[in-house]
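This report concerns only the one structure given below.
Nothing in this text is a laboratory measurement; each read-out follows from the coordinates by a stated rule. Since the model is a prediction, treat every value here as computed from it, not as a measurement. We place every Cβ from the backbone using ideal geometry, glycine too, and count neighbours over all the protein chains shown.
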């Protein structure tokens, strides 16, 4: 058989984030996501990375010390992790768990999802979202300098 099939990719296996303090960030993601410390990576006897796994081997989050990554690996104020949540009740439970751990979650609406966002010790945002529309159609979102958001239905970029 030639070419990929839709089910060939089943989801995110591991997401990796650059962080300043491995132990502090590992504890944060352990508590926020209910993960278990599963892997550790060292260079010359110094731990420079680790990975934490979800129950049932559903996904993992890997952390690398920012000062050991090439280039400018800085994701502060970005949200590289966006987890799909099945419904608003689950989103409420995630919000409550983040509050319980003292993580100051925020809630919001985006064109694609109703979400809860939590900022990690490095300023990296993790979002949990309940989809508001299907991903099988195109949607463009433009945000202007004054914060105004508009949507459009035809791509600007040719890909």
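Filtering the stretch 32-46 for residues that are closer than 25 Å to residue 106 by Cα, in a helix (DSSP H, G or I) and in contact with a strand residue (DSSP E or B) (Cβ under 9 Å, 6 or more places away or on another chain) leaves a non-empty set. Within the stretch 61-71, track down each residue that is loosely packed, with under 12 Cβ neighbours inside 10 Å and at negative phi. If the condition is that a residue be loosely packed, with under 12 Cβ neighbours inside 10 Å and at negative phi, then 67, 70 are the ones that fit. Does residue 141 satisfy the condition of being more than 24 Å from residue 23 (Cα to Cα), assigned to a strand (DSSP E or B), over 18 Å from the mean Cα position of the chain (by Cα) and touching a residue at least 12 places away in the same chain (Cβ under 8 Å)? Yes; evaluated as a whole, the condition is true for this residue. Scanning the stretch 47-63 for residues that are assigned to a strand (DSSP E or B) and more than 15 Å from the chain's Cα centre (by Cα) yields a total of 4. With respect to the stated conditions, residue 7 fails to be more than 17 Å from the chain's Cα centre (by Cα), over 24 Å from residue 76 (Cβ atoms) and surrounded by 13 or more Cβ atoms within 10 Å (Cβ to Cβ). The number of residues in the stretch 72-124 that are part of a loop (DSSP other than H, G, I, E, B), surrounded by fewer than 17 Cβ atoms within 10 Å (Cβ to Cβ) and touching a helix residue (DSSP H, G or I) at 6+ places or on another chain (Cβ under 8 Å) comes to 5.
Only one entry in 49, 53 is surrounded by 13 or more Cβ atoms within 10 Å (Cβ to Cβ), touching a residue at least 12 places away in the same chain (Cβ under 8 Å) and over 23 Å from residue 128 (Cα atoms), namely 49. Scan the stretch 21-28 and tell me whether some residue there is in a strand (DSSP E or B), without any contact (Cβ under 8 Å) to a residue 40 or more places away in the chain and under 27 Å from residue 77 (Cβ atoms). No, because not a single residue in the stretch 21-28 is in a strand (DSSP E or B), without any contact (Cβ under 8 Å) to a residue 40 or more places away in the chain and under 27 Å from residue 77 (Cβ atoms). Among the residues in the stretch 37-44, are any surrounded by 12 or more Cβ atoms within 10 Å (Cβ to Cβ) and within 16 Å of the chain's Cα centre (by Cα)? No, that holds for no residue.
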